[in-house]
Amino acid sequence: MFDVDSAHVIVDTGKWIFGHKRLVPGGVVTDVDHQNKRVLVKCSKDEIKAAPDYDERLWRNEDDAYRSSHIDYYGRF
């Protein structure tokens with residue numbers, strides 16, 4: 001888990017080469033289990049995997065269409 005800003009975290013959805021990074025809004029996070037290195041969320045693992053990929057360059061450049069894809073996706077949770 002890496003901090004992106006005060007409202008989001010980046011989570012890895014799988015093992016080394018097969019995993020994808022997802023930007024998860026803080027409002028979806030229900031707890032952080034530091035001992036077991038897990039982030040507990042309001043949605044299922046499959047819903048996180050189906051979320052838009054995290055692209056650091058687009059996020060940092062404040063690409064409106066890219067950010068809107070995340071807002072639209074997580075707005076239902």
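What to note about this one:
- Our coupling estimate for the stretch 27-36, obtained by passing each phi through the Karplus curve with A = 6.51, B = -1.76, C = 1.60 and θ = phi - 60°, is x, 8, 6, 9, 6, 10, 9, 5, 4, 9 Hz, Gly and Pro reported as x.
- Highest mean first, the peptides 21-30, 62-71 sorted by other C-beta atoms within 10 Å per residue fall in the order 21-30, 62-71.
- Other residues whose C-beta falls under 15 angstrom from the C-beta of residue 43 contribute a net charge of +2, scoring Lys and Arg +1 and Asp and Glu -1.
- Size of charge dipole - the chain - debye, nearest 20, with Cβ of Lys, Arg +1 and Asp, Glu -1, no other charges: 320
- Crossing angle, helix 64-74 versus the chain [Cα axis fit, 0-90 degrees, rounded to tens]: 40
Bear in mind these aren't lab numbers, they're just calculated from the coordinates by the rules spelled out. Note that this is a predicted model, so its numbers are computed, not measured. Cβ atoms come from the backbone with ideal geometry, glycine included; neighbour counts cover every protein chain shown.
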